[in-house]
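Reviewing the structure listed below.
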Amino acid sequence: MLRRREKPLDLSPFTVPTHVAIIMDGNGRWAKRRGLPRQAGHRAGAENLRRIVRACVEFKIKILTIYAFSTENWGRPESEVRGLMKIFARVLDQELDELHHQGVCIHHLGDLTSVNPTLQAKVRRALELTRNNDRLVLNVAFNYGGRAEILHAVRQMLADGLVPDELTEDLFSSYLFTRGLPDPDLVIRTSGELRISNFLIWQAAYAEYYPTPALWPDFGREELYKAIVAYNERERRYGLVSDES
Ligand code: IPE
Ligand code: IPE
Ligand code: MG
């Protein structure tokens, strides 16, 4: 599994989080620092995704959720949005077989209906092809917003005729795009920003948050390892008192 020149990283003393979610931020700044157009940063970000998926398989992380495009990102200049859609289409064309081969099961979080039909078809094909894989679940949050997800769930619940007394947190969770999956244990945000930007706002209620100054294209396997080590230094109290007190 270890590639040439890759440093051996020992995870045996650590608990590996089951579900890691990443806000892949900083592509634009990565490009700017190199005097390149933003699109070059997005391309480098897509290449990095390949490395991180491989590292998740190596580290035996079971679920990886990535924030690829938010409902708010439509407000970026049209040329950037077009460029991003091109990259998503290309990643699906070029990486799907390899992802399938690695045992990755792709899920989509968000609304596909407002996306270009050709891209929609590529996404649906990826979901269909990989649906029985079980090494790593890769949730791709694409045209995703946490508020939109909650509204979508509420609409569905009303359409199903649920009455207020039936509603529980578990039932509510079963109406979200992440239905059936455990909540994220660790939310990583690259590029030093300290905000959640409408990502998994219900599911991440008790996730450990790990901000890192690394820009997304530079956030590699060793950075992911460091995040797991830091996660192991946390005490998840869930509102209770410390084990040590
Ligand atoms: C993340 O990088 C990619 C997307 C949001 C699609 P950015 O494009 O937000 O990069 P910065 O924040 O401008 O550096
Ligand atoms: C969050 O990053 C969305 C994705 C990574 C897809 P943004 O760059 O869009 O978020 P803000 O604007 O810094 O909150
Ligand atoms: Mg950003």
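The values are calculated or read from the model by the stated rules, or taken from the named source; none is laboratory data. Since this is a predicted model, take the numbers as computed values, not measurements. Using ideal geometry, Cβ is built from the backbone for each residue, glycine included, and neighbour counts are taken over all protein chains shown. SASA here: full protein model, heavy atoms, side chains in, ligands and nucleic acids out. Shrake-Rupley method; radii C 1.70, N 1.55, O 1.52, S 1.80 Å.
Couple of notes before you dig in:
- A probe of 1.4 angstrom, applied to the heavy atoms of all protein chains, finds Tyr209 with accessible area near 60 square angstrom.
- Shown for the chain: lysine pairs separated by 8 or more places, or found on different chains, whose C-alpha atoms are under 20 Å apart, numbering 5.
- Whole-Å distance, taken between Cα centres, linking region 166-227 and region 69-87: 22 Å
- Once the Cβ-Cβ distance of Glu169 and Arg5 is raised to the sixth power relative to R0 = 45 Å, the FRET efficiency obtained is 0.45.
- Taking the inverse of the mean reciprocal distance over all distinct Cα pairs, the Kirkwood hydrodynamic radius of region 109-221 comes to 16.3 Å.
- Per-residue ellipticity at 222 nm, computed for the chain from helices alone with -39500 (n - 2.57) per DSSP H run of at least four residues, works out to -13000 deg cm²/dmol.
- Spin-label model distance (nm) - Ala121 vs Arg82, 7 Å beyond Cα toward Cβ: 2.1 nm
- The chain, accessible surface, carbon-and-sulfur percent (1.4 angstrom probe): 51 percent
- Cβ-derived FRET efficiency at R0 30 Å, Leu112 paired with Val154, nearest 0.05: 0.95
- Additional length obtainable on full extension of the chain from Ser197 to Val229, 0.36 nm per residue less Cα span: 9.1 nm
- In the full protein context, the chain carries 55 Å² of accessible surface per residue, based on a 1.4 Å probe and ignoring ligands, DNA and RNA.
- Taking one quarter of the surface of the C-alpha convex hull of the chain gives a mean projected area of 15.5 nm².
- With Cα atoms as the point set, the radius of gyration and Dmax of region 81-127 evaluate to 10.8, 30 Å.
- Hydrodynamic radius of region 1-122 by the Kirkwood approach over all distinct alpha-carbon pairs: 16.3 Å.
- Low-density loop positions, GluC sites (Glu not before Pro), region 160-226 - DSSP coil, at most 14 other Cβ in 10 Å: Glu193
- Mean projected area (nm²) of the alpha-carbon convex hull when region 184-245 is viewed from all directions: 4.9 nm²
- Ranked by the mean number of other Cβ atoms within 10 Å per residue, highest first, peptides 43-49, 14-20 order as 43-49, 14-20.
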